[in-house]
Amino acid sequence: MDKNFFRAATLFSLATLSVTSVAASGHDKVKRENKDSIVTLNDFHVVGKKIQQTKMLPYGVDEKYLPVNMTEVDRKTLENRDINDISSASRFLPSVKNRTTYGGFQEFYIRGFSSQLVATDGVADQRSFITSMPMHDLSNVERIELLRGPASALYGQSVVGGVINISRMQPTRENHFRAKLSLGSWHTYSGFAGMSGKLVGPFNYYASVNLGNSDGWRGNFERRFTAYATVSGWFSDKDFLQLIYDFSSDRYGTDTGLPPLMSNDIYNADGTLYLPRFASLPNLPRTARYNNESDFLNNRTQDVEIRYEHHFSEAFKLKDVAMFRYDNINYMSTETLSYVTSEEPVYPHYYESNGKRTYINLDELTNSSPLRFNHIAYSYH
């Protein structure tokens with residue numbers, strides 16, 4: 001058979017069997033030139049979903065393809081539920097338990113393990129591993145990520161429970177402005193303003209300021225101020241640069257807690273039972289804060305960060321991060337509440353321990369065990 005004839009027959013068969021399908025929106029107008037399958041499209045749009053990457057692990061792939069156990073609380077969740085502190089946000093992180101001590105110090109327990117690591121934009125904060133610390137508000141936070149299981153060992157030794165990463169807001173090319181003002185009970189108010197957009201050339205910016213105040217239903221007040229600014233851009237096809245500045249100045253009312261529960265039965269002077277062991281005092285005002293008026297906790301932080309990336313190819317890139325962090329914790333508080341006791345029957349109540357009677361004054365409390373320190377930390381990464 002002639003080869004030219006075979007080729008012509010094949011091309012004719014393919015042209016006859018080919019069908020062109022067209023999908024267009026309700027607003028697109030399709031003009032048919034003829035009654036065959038050839039059409040003319042006015043517009044053609046390709047829509048895709050942005051790859052959601054994490055700053056916790058240096059892999060440029062979608063999170064769903066990473067073989068790790070990861071959970072996040074995004075910005076939309078924080079705004080919808082009006083969450084602006086890490087203690088409230090941790091309730092939406094599975095396997096995480098948060099405890100606030102002495103008014104402003106945060107402790108985390110992940111999968112039953114204590115003293116876990118907290119990172120900011122993927123850079124570990126070693127202070128969180130060895131002790132508790134105050135943390136400023138979440139006004140400049142884009143999302144909070146939780147890495148659980150064996151993958152947390154990528155952040156260093158003894159990090160067995162998990163890692164909490166706080167990912168901060170990033171600049172956008174489009175112009176955005178957002179402001180928020182809220183009022184609440186117990187002299188609670190907050191104000192926020194943030195904006196982003198094009199700065200100059202290839203660089204974009206994001207900046208925000210947040211101010212908050214709350215006396216709290218027990219008088220353990222909070223005064224917060226946070227300022228955040230970042231600039232980033234691709235100044236060449238292969239080079240990316242970002243500058244970050246983060247500042248906070250917070251003041252907390254330290255909290256020594258409620259009066260202690262007695263481990264013995266309390267009796268009246270005539271020998272009748274007044275209060276069983278481990279029972280609260282009658283008519284105890286739980287809304288009261290029992291600290292000394294001179295107690296305080298001040299925390300001031302500054303964070304300066306430079307990020308640089310050079311992409312040699314799609315498969316290989318160089319990434320450098322330089323960070324300086326200043327943290328000042330100024331603390332003064334009486335940390336123990338106790339009752340005045342005497343071996344003499346000078347008070348209307350008493351308890352017995354090891355056959356010995358001790359008289360106790362339940363009408364007054366004593367602030368004791370004062371602790372004063374000013375801890376300043378300089379961190380370089």
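Here are the numbers for the structure shown:
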| quantity | calculated |
| --- | --- |
| Cα gyration tensor shape for segment 242-353, rounded if a/c is under 1.5, else prolate or oblate | prolate |
| The chain, relative contact order [Cα under 8 Å, separation at least 6], % | 9 percent |
| Loop chymotrypsin sites (Phe, Trp or Tyr not before Pro), segment 292-347, which have at most 15 other Cβ atoms in a 10 Å radius of their Cβ (DSSP) | 312, 316 |
| DSSP-assigned coil residues among trypsin sites (Lys or Arg not before Pro) in segment 276-346, each with at most 12 further Cβ atoms within 10 Å | 277, 286 |
| Segment 183-334: relative contact order in percent, alpha carbon pairs under 8 Å with at least 6 residues between | 19 percent |
| Between helix 3-17 and the chain: long-axis angle, C-alpha atoms, 0 to 90°, nearest 10 | 50 degrees |
| Environment charge of residue 226, counting only residues whose C-beta is closer than 10 Å and scoring Lys/Arg +1, Asp/Glu -1 | -2 |
| Whole-number percent relative contact order across segment 281-371, with pairs defined as alpha carbons under 8 Å at least 6 apart | 26 percent |
| Share of carbon and sulfur in the accessible heavy-atom surface of segment 245-353 [1.4 Å probe, %] | 52 percent |
| Leading residue at positive end of dipole, segment 57-194 (Cβ point charges), from 156, 192, 182 | 182 |
| Segment 41-198, accessible surface, carbon-and-sulfur percent (1.4 angstrom probe) | 54 percent |
| Sum of -39500 (n - 2.57) over DSSP H runs of 4+, divided by residues of the chain (222 nm, nearest 500) | -2000 deg cm²/dmol |
| Net charge, residue 271 excluded, C-beta distance under 13 Å - Lys, Arg +1, Asp, Glu -1 | -2 |
| Given charges at beta-carbon only (K, R positive; D, E negative), |dipole| of segment 85-130 in Debye | 220 debye |
| Net charge contributed by nearby residues that have their C-beta within less than 10 Å of residue 254 (K/R +1, D/E -1) | -2 |
| Difference of contour (0.36 nm per residue) and Cα-Cα distance, residue 343 to residue 249 | 29.0 nm |
| Cα shape, segment 86-197, gyration tensor, a/c 1.5 rule | oblate |
| Sites residue 356 and residue 160 - FRET efficiency at Förster radius 56 Å, r taken between beta-carbons, to 0.05 | 0.75 |
| FRET efficiency, residue 126 to residue 101 (Cβ-Cβ, R0 22 Å, nearest 0.05) | 0.65 |
| Cβ-placed point charges (K, R +1; D, E -1), dipole of the chain about Cα centre in debye, nearest 20 | 1360 debye |
| Total charge dipole magnitude, segment 166-229, about the Cα centre, Cβ charges on Lys, Arg, Asp, Glu only, Debye to nearest 20 | 100 debye |
| Solvent-accessible area per residue for segment 149-220 (1.4 angstrom probe, square angstrom) | 54 Å² |
| Distance in nm between pseudo-label sites at residue 46 and residue 74 (7 Å out along the Cβ direction from Cα) | 2.4 nm |
| Probe 1.4 Å, accessible area per residue of segment 257-381, Å² | 61 Å² |
| Euclidean distance between Cα centres, segment 303-381 to segment 78-142, Å | 15 Å |
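The values are calculated or read from the model by the stated rules, or taken from the named source; none is laboratory data. A quick note: this is a predicted structure, and the numbers were derived from the prediction, not measured. In this analysis, Cβ positions are derived from the backbone assuming ideal geometry, glycine residues included, and neighbour counts consider all displayed protein chains. Keep in mind that these areas ignore ligands, DNA and RNA; they rest on the heavy atoms of the full protein, side chains included. Shrake-Rupley method; radii C 1.70, N 1.55, O 1.52, S 1.80 Å.
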